[in-house]
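Since every read-out is calculated from the coordinates, none of them should be taken as a lab result. On a predicted model such as this, the values are computed, not experimentally measured, just so you know. Ideal geometry is used to build each Cβ from the backbone, glycine not excepted, and the neighbour counts take in all protein chains shown.
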Amino acid sequence: MTATPSHLSWDDLDDLLMGTERQAVHVHLETCAACRKLASLDLEIVVQLQRLPTLAPRSGFADRVMAGLATGAVPVRAVTPLHTSRWLKAATVILALGGIGTSVGWSLANQSLLQSWQVGVLDALRGLLQGGLALIQAMPQSALITALRDSLGGVGVGLIVTGVATAYLAGMLLVQRLMTLPRRPVHHAA
Amino acid sequence: MPPLDVRSAADQEIVALAREGAEYAYRELIRRYERPVFSLIYRMVRDRETAEDLAQETFIKVLNAIATYRPEFKFSSWVFKIANNTAIDHLRRRELDTLSLDGSPHATTPESVEATALQIGSDRGSPLDVLESKELGGEIEAAIKQLRPEYRSCILLRHVEGRPYEEIAEMLDLPLGTVKTYIHRARTELRLALQHLRE
């Protein structure tokens, strides 16, 4: 905002109060009684505000603050929280990278072993599936089984068995997770 | 035992010591800022007892969060920001009465009235000057109390604490233009109060 031909703007008054010399403002003040009054009042306000006393709390304020700190969650001699420790973060990153690097290196150095494990696992899974199918085929020829087999076919029965087995394994894992104690401390609110 | 030159050390040096948990550093920070923080909060909430509680709460927040303070910002700005937010939060939670030049509206005994009344004015000058100064100062104090909390914060930080516009904008998380508008509007309202006195 700049000075209008009629009156000073807020910025002009600010400059005046800050002691910034502006010729246009002073020239205007010489001719405008309203702005002179406004400027005089603003100056009075600023002077009175600057003269307002600085108040003080009752003596012993620092002691009361320290007492409030001591009863709070953070002790006076605060230990740097672990989550902000740069050293712990660096160590975690180094360990993670080291673990990943070691895993990759070992895998590259033991490819034949990994392949044999892979074959073994696949064979085991295949065996399980075949065993499951054989079990189903060996089941008594009940009306229910006959009806299921007829309606879904061999593949459908296999899928049902796989789904039941997967749900059973997932349930076991979930129970195990729930039963496992937390490894990291839980921070309680103060 | 604190170092002998702790009082002449810069804020950042004291903060660094406080981060290590040095109690003397905590006390030095409180000593440096207790009066301006209390003054600002007192003029915001207009009750001494409440102002003391809020000032105490401010310093506890400051010292508890000292590890998160970023040194690239002025420590004083950070402290005033927390103080102002604490006062504004209190005002938003409660509706306050407007009169307390003559003591807190909650004061019930003469001693508590005197303890909570604002003491203003100067001991110098003629009795008429003193009365006029008191009346004018009283008008300013009363007029400040009538301002909206946002205007009050800005005008006190600008002309009582002497903070520049940019710093106030940073403290209050407001655009610079908004701070200037608030201060100008606050001065306009204070001007009206003074005009009434002069007529």
Subset of B:Lys145/B:Lys180; B:Lys81/B:Lys145; A:Lys37/B:Lys81; B:Lys81/B:Lys180; A:Lys37/B:Lys74 violating a 26 Å alpha-carbon distance limit: A:Lys37/B:Lys81; A:Lys37/B:Lys74
Given bins 10 angstrom wide, list per bin the percent of all Cα-Cα distances in the range B:1-67, short to long. 21, 46, 26, 7
In whole Hz, what ³J(HN,Hα) sequence does the range A:48-64 give by Karplus (6.51, -1.76, 1.60; θ = phi - 60°), x for Gly and Pro? 5, 5, 5, 8, 4, x, 7, 8, 10, x, 4, 4, x, 4, 4, 5, 5
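In peptide B:183-191, how many Cβ atoms from other protein chains are near each Cβ within 10 Å, on average?
Values: counts 2, 7, 1, 2, 10, 5, 1, 7, 7.
Going residue by residue through B:183-191 and averaging, the value is 5.
Need one word for the range A:10-51: rounded, prolate or oblate. Basis is the Cα gyration tensor (sqrt eigenvalues a ≥ b ≥ c); a/c below 1.5 gives rounded, then a/b vs b/c decides.
Values: a/c = 2.70, a/b = 1.49, b/c = 1.81.
Because a/c hits 1.5 or more and a/b fails to exceed b/c, the range A:10-51 counts as oblate.
Could you work out how much longer the chain between A:Ala167 and A:Ala109 gets when fully extended? Use 0.36 nm per residue separation minus the Cα distance between them, nm to one decimal. Don't skip to the answer; put the middle values down first.
Numbers: separation 58, 0.36 × 58 = 20.88 nm, distance 3.62 nm.
Length gained, A:Ala167 through A:Ala109: 17.3 nm.
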From the phi of every residue in the range B:47-60, what ³J(HN,Hα) in whole Hz does the Karplus formula 6.51 cos²θ - 1.76 cosθ + 1.60 yield, where θ is phi - 60° and glycine or proline is x? 8, 5, 5, 5, 4, 5, 4, 5, 5, 4, 4, 4, 5, 5
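Based only on other Cβ atoms within 10 Å, what is the fewest-to-most ordering of A:Leu128, A:Leu144, A:Leu38? Provide the component values of the computation, followed by the final result.
Working: A:Leu128 12, A:Leu144 9, A:Leu38 20.
By the 10 Å Cβ count, ascending, the order reads A:Leu144, A:Leu128, A:Leu38.
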Cβ-placed point charges (K, R +1; D, E -1), dipole of the range A:10-51 about Cα centre in debye, nearest 20: 180 debye
Residues with amide H under 5 Å from that of A:Ser9, placed H, sequence gap 5 or more: A:Ala3, A:Thr4
Once the Cβ-Cβ distance between A:Ser59 and B:Thr181 is put in as r, and R0 is 41 Å, what FRET efficiency do you end up with, to the nearest 0.05? 0.55
Cα-projected label distance for B:Ser8 with A:Gln137, points at 7 Å along beta-carbon direction, nm: 9.8 nm
Amide hydrogen neighbours beyond the local backbone of A:Leu55, cut-off 5 Å, H modeled: B:Ser39
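Peptide B:37-47: average number of partner chain Cβ atoms within 10 Å per residue?
Working: counts 2, 6, 6, 2, 2, 3, 2, 0, 0, 0, 0.
Per-residue shielding by partner chains comes out at 2.
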